[in-house]
Amino acid sequence: MAILNMKRIELLAMLNDSKAIVDLIQQSGCVEVLDYQEEDNKNFYKLSMSSTVSQFEKFQVIATQALEVLNKYVPKESGLLDSFAPRPDMTVTDFYKKAQEADAVLSKCYSINALYKEIQDANTEIIRCQTSIDQVMPWATLDIPSSYKGTQFTSVFVGSIGEPITGEEIDAKLAGLVPEIDFKTEVVLADKNQTCLVAICHKDYAKDFEQALRSIGFVTPSDPTKHEPRVRIERLEAQIEKCKEKITENEEKIKTFAEFRGDMEFLVDYFTLRADKYQALDKISMSDNVFVLTGYVPEIYVEGLTNKLSSLFDVAISITDPDYETEDVPVLLDNGAIGKTMESITEMYALPTHKDIDPNKFMAVFYYLLFGLMLGDAGYGLIMVLACLFVKFKFKLEPAKAATVNYGLLCGLGTTFWGILLNGWFGDLPKYLSWIFSHGFKEAMPADYINPMSKLSFFEAMETSDATVVFLMFCLMIGVIHLVYGLFINIYNVWRHGNKFEAVAENVPMILILIGFLPLIDSQISGVALRRYAHDDTVVHGTIQKVCQGLEVFFDSCSTYLIYVLAAGAALTVLAPALIAIKNRQKFGKVAGGIGAGLYALYNAASGALGDILSYARLLALGLCTGIIAGVINQLAVMPKNPILFVVIFLFGHTVNIAINLIGTYVHTNRLQYVELFAKFYEGGGTEFTPLSVKSKSFKFKEEK
Amino acid sequence: MFQIVQAFGGDALAILGAALAAIIAGMGSAKGVGIVGEAAAGVVSEDPGKFGKVLILEILPGTQGLYGLLAAIMVMGKVGGLDLASGAMLFFASLPIAIVGYFSGKSQGRVAAAGCSLVAKKPEQSGKGIIFAAMVETYAILALLISILLIGKVG
């Protein structure tokens, strides 16, 4: 069974052993510890560990920050594929040995953080100085302090006017305002924002003159200099220089810590581990001498865990079945290699509950078929396969990463499979290559050779409207199979829970409707496209041709019967709720009401079925998209008639095409799973099983012999 | 004059249709991708690690432009000595993906941008954000479907 059975564990042991036992449980990683509450019992109490936990979390943050700083100044050398490399092994003894150095490493982390703080402060100081310099800069050529007020008999005004204006204009304006005063002005600097000037007049007239100056917009600097402005600029520049030196010096110091990177990575893991452990200890109840720990354990681990615990400690363990009705029992999935690749997709939707069926292995087959059909290019598929195989054989992959790589591998295989059937090799590359080999690069291809609609044989099949329709029908046909498959899973799931009659009554009518719909859609979209088309057997390629011929025979022989199938499905849909009511021996009113519910269900079934089936048109849309754009790239590549440019355009174009279409295909394959397939049988909403475990990034524990 | 229209009008109309399919659907995608891009940059500024997730959301509204291109290329394959009636038919056949592509691209952009804020708050729910956005695309696919089928009917 793919959803693992859970057991409730209750463990009673001596308080002295509590930390050792929690350590062992953490290393085994198979118990989700529950918050234990015994309300009536006054002998048991809880010890709050929250201050210890937050202490460890604080240390963890400090180590993480220090590691980030270190990685910033001494980037970790890492290749593109290094994230696939397995974590190194570590024995428990080594772990404890290393843990003793934790304080020393932590103090190093503190020093790194302090150095970095100084760098940040220096950077702020540089910005502050720069702003001050910018303010004083216009006065750089002034050879008196800008706070200068004048001599014994003169008053000097240093300031600026907030607009560009010439010395003559200022003089003229001032002369107009205060004709009686003798004055002199000098413009220090004029740019498009301001005019900096110095004005001088006799001390007796200072007041009137200042008023006149202000009336033309004259303002004194907000922060006047005590010395000549040049002096302040020099001082600030020296300050910036000092800050820069400090930064380089500190950077050099930080770089010397590079050799401790491994220790710091360990430290981050170590504190995460400790914080997790104390969070678990927070949940146990204790008396003066004993403690109680409760939690969920997957059934398959129960024996190993109890044996290990009872061999090492004095413990009393009781294992019970959880109550699935009232408790929110966490869910842990266990699948084979192929089913596992789907788990991340299912988790993105919602985890199954214990009532659901684990959808992973059921959806895998169709997932990769639909994915492949949407991408549909053997060239692209082989690239994916080779890339994934390379990673697979280069590294000894850990399970989670192996699932990701297998997912890519299977997607690649699906794509290659359909690519071969549809004859798509980087679009229509073979055609271009054969032309290049026989005619060389210089000769232009004849126009009909590069007809965009004759790119792949896949598209040759689609030169006429009928071909597109055939392929569309093929896609919808796959859709119907996919949907019926979903309904059969639902039958299985409901049957499994003992509701055999409901299982059949609720799903069979819909299955009949889906199958009955097919010739209806066929006749509506294309008239008798399938039957007409299948006689021209040169055009449709390989398997699609065979399938379509099969379809033709199928429809020819039974299209009239399929209408009856549709009618039967419709009738059963109307009757099903009433039948279920009769079967449950309910009152007549309920049975009659069931007919009304059935009519409503028929409306929903008809519109729903049509919508569901048509949704599979995206197989055609995305498949065409990849193929046609691939063809256009090839066409562009041969245009310059130059082998080097051909390779460059080819590589660049197809890389972009793969990237864009991979994402599109990924999203739409998921959508078909979530919206079309899951709606048929899957509810989801389970809680993830989160055991107390070793969440380390830099190492993993190895069993000690 | 009438003779000129009769001789070249068909091709011109068909090319106008192809151009509109590429232009209007492309506009919708450009707008949609633009909206998501702004939201995505905001999310990445807070947490660069979410780049992969928001990138998928950003690319989603891009497909309408591709569908427009697809329809345009299919019309292109038919151009060359078309009579007026066939040209007009190709022109009209291009309209569904052109118009629906625009609105679908734009709306999908808005849904995907909302998906970005979902990713910002609850990164583990990114799959649902993607599905909400993918729902909008269905109508662009239906429009493309009908454009392709109609284009196929001509000539």
**Complete:** DSSP beta bridges in the protein assembly as shown: the antiparallel percent, rounded to 5, is 90
**Asked** Over the heavy atoms of A:Met639, what accessible area does a 1.4 Å probe trace out, to the nearest 10 Å²?
**Response** 120
**Message:** As I understand it, the value is the acute angle between the Cα axis of helix A:167-177 and the longest principal axis of the Cα atoms of chain A; what does it come to in degrees, rounded to 10?
**Reply:** 70
**Request:** Mind putting together the pair-distance distribution for the range B:2-153? All Cα pairs, 5 Å bins, whole percent per bin, short to long.
**Result:** 2, 12, 19, 16, 13, 11, 9, 7, 5, 3, 2, 1, 0
**Asked** Going down the list A:Lys19/A:Lys396; A:Lys702/B:Lys50; A:Lys361/A:Lys680; A:Lys7/A:Lys396, which pairs span over 27 Å between their C-alpha atoms?
**Response** A:Lys19/A:Lys396; A:Lys702/B:Lys50; A:Lys7/A:Lys396
**Message:** Please list the three semi-axes, largest first and in whole Å, of the ellipsoid equivalent to the range A:147-220, using sqrt of 5 times the eigenvalues of its alpha carbon gyration tensor.
**Reply:** 19, 14, 10
**Request:** For the protein assembly as shown, give the magnitude of the charge dipole about the Cα centre (Cβ charges: +1 Lys/Arg, -1 Asp/Glu; no others), in debye to the nearest 20.
**Result:** 1420
**Residues of the range B:1-19 with amide N under 15 Å of the 7 Å Cα→Cβ point at B:Leu84** = B:1-14
**Request:** Treating only the Cβ atoms of Lys and Arg (+1) and Asp and Glu (-1) as charged, compute the dipole magnitude of the range B:2-153 about its Cα centre; round to the nearest 20 debye.
**Result:** 280
**Complete:** Excluding residues fewer than 8 positions from A:Lys253 in its own chain, the lysines with Cα under 20 Å of it are A:Lys72, A:Lys76, A:Lys108, A:Lys117, A:Lys242, A:Lys244
**Item:** Neighbour count of at most 16 Cβ within 10 Å plus DSSP loop: longest GluC sites (Glu not before Pro)-free window in chain A
**Value:** A:464-682
**Prompt:** What is the Cα radius of gyration of chain A over 2.2 N^0.38 Å, N being its residue count?
**Reply:** 1.47
**Asked** In chain A, carbon and sulfur make up what percent of the accessible area (probe 1.4 Å)?
**Response** 59
**Item:** Largest-first ellipsoid semi-axes for the range A:1-101, taking √(5λ) over the Cα gyration tensor eigenvalues, angstrom
**Value:** 36, 21, 15
**Request:** At 1.4 Å probe size, with every protein chain present, just tell me what the per residue accessible area of the protein assembly as shown comes to in Å².
**Result:** 48
**Message:** Can you give me the % of accessible surface on the range B:2-153 that is carbon or sulfur? Probe 1.4 Å, all protein chains present, nothing else counted.
**Reply:** 72
**Request:** Using DSSP to define loop residues, name the trypsin sites (Lys or Arg not before Pro) in the range A:333-433 whose beta-carbon has at most 15 other beta-carbon atoms within 10 Å.
**Result:** A:Lys355, A:Lys396
**Prompt:** For the range A:347-448, what is Rg from Cα atoms divided by 2.2 N^0.38 Å, rounded to two decimals?
**Reply:** 1.50
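Once you order the gyration tensor axes a ≥ b ≥ c over the Cα atoms, which shape class does the range A:562-692 get: rounded for a/c under 1.5, otherwise prolate or oblate by comparing a/b with b/c?
Here the range A:562-692 falls in the oblate category.
Just the number: Rg to Rh for the range A:102-155, Cα atoms, Kirkwood Rh, two decimals.
Rounded to two decimals, Rg/Rh equals 1.46.
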**Asked** Can you give the accessible area buried between chains A and B, summed over both chains, with a 1.4 Å probe, in Å² to the nearest 100?
**Response** 2600
**Message:** Checking buried surface per residue: for the range A:651-685, which residues lose a minimum of 50 Å² accessible area in the protein assembly relative to the chain alone (1.4 Å probe)?
**Reply:** A:Ile663, A:Val667, A:His668, A:Arg671
**Prompt:** R0 = 41 Å: FRET efficiency of A:Lys226 with A:Lys72, Cβ-based, nearest 0.05?
**Reply:** 0.50
**Message:** Which aspartates and glutamates, if any, have their Cα less than 14 Å from the Cα of B:Lys121, not counting same-chain residues under 8 positions apart?
**Reply:** B:Glu46, B:Asp47
**Request:** With r as the distance between the Cβ atoms of A:Leu610 and A:Ser438 and R0 = 51 Å, compute the FRET efficiency 1/(1 + (r/R0)^6) and round to 0.05.
**Result:** 0.55
**Message:** Taking the square root of 5 times each eigenvalue of the Cα gyration tensor, what semi-axes in Å does the equivalent ellipsoid of the range B:33-108 have, largest first?
**Reply:** 38, 11, 6
**Prompt:** the range B:62-88: which residues show an accessible-area loss of 30 Å² or more, assembly versus chain alone, 1.4 Å probe?
**Reply:** B:Leu66, B:Tyr67, B:Leu70, B:Ile73, B:Met74, B:Gly77
**Asked** Can you give the FRET efficiency for A:Lys207 and A:Asn123, using 1/(1 + (r/R0)^6), R0 = 35 Å, r = Cβ-Cβ distance, to the nearest 0.05?
**Response** 0.15
**Item:** Solution diffusion estimate, µm²/s, Stokes-Einstein, the range A:46-171, Kirkwood Rh from C-alpha pairs, 25 °C, viscosity 0.890 mPa s
**Value:** 113
**Item:** With Cα atoms, 0 to 90° folded angle of helix A:102-136 axis to chain A main axis
**Value:** 50
**Message:** Under 10 Å, Cα contacts only: if you run a Gaussian network model on chain B, which one of B:Ser29, B:Ser126, B:Ser94 comes out with the highest mean-square fluctuation?
**Reply:** B:Ser126
**Item:** Angle in degrees between helix B:2-46 and the longest Cα principal axis of chain B, rounded to the nearest 10
**Value:** 0
**26 Å Cα-Cα reach of B:Lys153 towards lysines, excluding residues that sit fewer than 8 places from it in its own chain** = A:Lys455, A:Lys546, B:Lys78
**Prompt:** Using the Kirkwood formula over every pair of different C-alpha atoms, what hydrodynamic radius in Å results for the range A:186-326?
**Reply:** 25.1
**Cβ-based charge dipole, the protein assembly as shown, positive-most Cα from A:Ser18, A:Tyr367, A:Ile663** = A:Tyr367
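The values are calculated or read from the model by the stated rules, or taken from the named source; none is laboratory data. Worth saying up front: this structure is predicted, and the values here are computed from it rather than measured. Please note: Cβ atoms are built from the backbone with ideal geometry, for glycine as well, and neighbour counts cover all protein chains shown. Please note that ligands, DNA and RNA were not included when accessible areas were found on the heavy atoms of the full protein model with its side chains. Shrake-Rupley method; radii C 1.70, N 1.55, O 1.52, S 1.80 Å.
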